[in-house]
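Visitor: Could you have a look at this structure, given as structure tokens, before my questions?
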Amino acid sequence: MDTIRTHGKATGKATVKDVARAAGVSITTVSRVLNNPDLVTSDKQDAVHRALASLDYIPNQLARSLISRQSKAIGLVVPTISNPVFAPTIEAIERELDAAGYALLIHSCERDPERELKQVRALIERGVDGLIITGSVHVPELAALLARNNMPYVSQDISLHQPKSLYQLLGPSIALDNARAMETAIDHLHEMGHRDIAVLSGPIHNTPPVKDRFIGAVARIRNLRLDLPDEWLVVAADYGSISIRSAARQLLNGDRMPTAVACTGDILVLGLIAEARASGLSIPRDISIIGCGDTDMGQYADPPLTTVHMPFAEMGEVAARNLLALLAGHPPPSTMVLPHRLIVRQSVARRR
């Protein structure tokens, strides 16, 4: 498509020929500035960059990828985009890749391994340079697909406590120690004098990190030799407000009232607080609550939520950096476990 000019200004899409004419250089020089600037003198680089800016030139990435054999695009597959827990991870990945000159293509597999396989195949067909894959549960064909296409990838948010036979991706990975994070939460409640501790969890059948948290909390309570009746172990059907409040109501309306509740995710806390107040309970005077995640959802809790900070943004940064290192020929560590930390606010009272 030719560039149409009105009063000396481009009104259509500028071409390399237009840039060369405006800069007073050859088309070859413009190409070198775009692809191999070190081969061009600084004064000609400046002239070309001024022309690029004045014409608002947008490079044809497809044509450039045919020459360089690089698409400058990275694929990311996440379990869901409806859960705000993934927002800081995605933002961090995009920020790191953007600084390195890469575009990010995002797919949500809705926790369906078969759908994930189709999405990875589609990203490979689009010519992405690498992949960031989230989670631990995949179909066996995924590893074979990646190997067959020699596709660089990094896994993030893997489970440290799930048998390796259930996930076949053996490439570089980043993990959060979800079980130990909940152990930290239970230990804080115990140190604050609580001996009647319940656990409220999100779905564990299809979310290994949440299952790890649930198992970690239960194991720690039992290791402390505390009583833990079945009615104090409640798992919400999903993360919808109706399901969370129903689970919270079930917990609070049991035969025995716990003095504290450990939630496997901050998103559960809001429903629990609402149900507690509907029952006339004051937090933390009547019941203490601790979360896990330190996500944006927790900032809406009243009183301010004591929780365990999980480094979701840092996980995204490390995943992107490790993939970039892999693409540059510098293999990262096989597995990196990022640290969590307790954040003490006002939702846990000392039990006397």
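Visitor: List, in order, the whole-Hz ³J(HN,Hα) value for each residue of the range 286-295 obtained from phi through the Karplus relation with A = 6.51, B = -1.76, C = 1.60 and θ = phi - 60°; use x for Gly and Pro.
Guide: 8, 8, 9, 9, 10, x, 8, x, 6, 8
Visitor: What FRET efficiency, computed as 1/(1 + (r/R0)^6) with R0 = 45 Å and r the Cβ-Cβ distance, is obtained for Asp187 and Glu114, rounded to the nearest 0.05?
Guide: For R0 = 45 Å, the calculated efficiency reads 0.70.
Visitor: Using 0.36 nm per residue, how much length does the chain from Ala328 to Leu170 gain when fully extended, once their Cα-Cα distance is taken away?
Guide: Result: 54.9 nm gained on full extension.
Visitor: Continuing with this model, one more query. Once you list every other residue whose beta carbon is under 12 Å from the beta carbon of Ile133, what net charge do they have if Lys and Arg are +1 and Asp and Glu are -1?
Guide: Summing Lys/Arg as +1 and Asp/Glu as -1 gives -2.
Visitor: Here's another thing I want to ask about it. Roughly speaking, what is the stretch gain from Asn253 to His49, that is 0.36 nm per residue apart minus the C-alpha to C-alpha distance, in nm to one decimal?
Guide: 66.6 nm
Visitor: How would you rank 217-227, 265-275, highest first, on the average number of other Cβ atoms within 10 Å across their residues?
Guide: 265-275, 217-227
Visitor: If you wrap a convex hull around the Cα atoms of the chain, how much volume per residue is inside, in Å³?
Guide: Taking only Cα atoms, the chain has a hull volume of 177 Å³ per residue.
Visitor: Could you identify which residue out of Val137, Val19, Val128 has the top mean-square fluctuation in a GNM of the chain using Cα springs shorter than 10 Å?
Guide: Val19
Visitor: For the range 89-137, list log₁₀ I(q)/I(0) at each q in 0.18 Å⁻¹, using the Debye formula over Cα point scatterers of equal strength and ignoring solvent, two decimals each.
Guide: -0.61
Visitor: Using the alpha carbon gyration tensor of the range 119-232, what are the three equivalent-ellipsoid semi-axes (square root of 5 times each eigenvalue), largest first, in whole Å?
Guide: Square roots of five times the eigenvalues give 38, 12, 11 Å.
Visitor: Using the heavy atoms of the protein chains and a 1.4 angstrom probe, tell me the accessible area per residue for the chain in square angstrom.
Guide: Ligands and nucleic acids excluded, the figure is 50 Å² per residue.
Visitor: When the accessible area of the chain is split by element with a 1.4 Å probe, what percent falls to carbon and sulfur?
Guide: Result for the chain: 50 percent of the exposed heavy-atom area is carbon or sulfur.
Visitor: On to the next question. Okay, helix-only estimate at 222 nm for the chain: each DSSP H run of n ≥ 4 adds -39500 (n - 2.57), divide by all residues, round to 500 deg cm²/dmol; what do you get?
Guide: -13000 deg cm²/dmol
Visitor: Sequence-distant or interchain residues sharing an amide H contact under 5 Å with Arg345, placed H: which?
Guide: Residues meeting the amide H criterion: Thr306, Thr307.
Visitor: State the answer as a single residue: which of Ala237, Asn83, Leu305 lies farthest towards the positive end of the charge dipole of the chain, with beta carbon charges of +1 for Lys and Arg and -1 for Asp and Glu, about the Cα centre.
Guide: Among Ala237, Asn83, Leu305, the one farthest towards the positive end of the dipole of the chain is Asn83.
Visitor: Take peptides 145-151, 335-341 and line them up by average Cβ neighbours within 10 Å, highest first, as a rough protection proxy.
Guide: Listed from highest to lowest mean packing, they are 335-341, 145-151.
Visitor: I'd like the antiparallel share, as a percent to the nearest 5, of DSSP beta bridges with both residues in the range 251-352.
Guide: Restricted to the range 251-352, the bridges split so that about 40 percent are antiparallel.
Visitor: Cα centroid distance between the range 272-347 and the range 158-234, in Å?
Guide: 14 Å
Visitor: For Cys292, tell me the accessible area in Å² from a 1.4 Å probe, rounded to the nearest 10.
Guide: Number for this one is 0 Å².
Visitor: In whole percent, what relative contact order does the chain give with Cα contacts below 8 Å and a gap of six or more residues?
Guide: In percent, rounded to a whole number, it is 16.
Visitor: Count the DSSP beta bridges whose two residues both fall in the chain, then state the antiparallel fraction as a percent rounded to the nearest 5.
Guide: 15 percent
The values are calculated or read from the model by the stated rules, or taken from the named source; none is laboratory data. It should be emphasised that the depicted structure is a prediction, and the values quoted were computed from it without experimental measurement. Backbone-built Cβ (ideal geometry, glycine too); neighbour counts: all protein chains shown. Note: areas computed on protein heavy atoms with side chains; ligands, DNA, RNA excluded. Shrake-Rupley method; radii C 1.70, N 1.55, O 1.52, S 1.80 Å.
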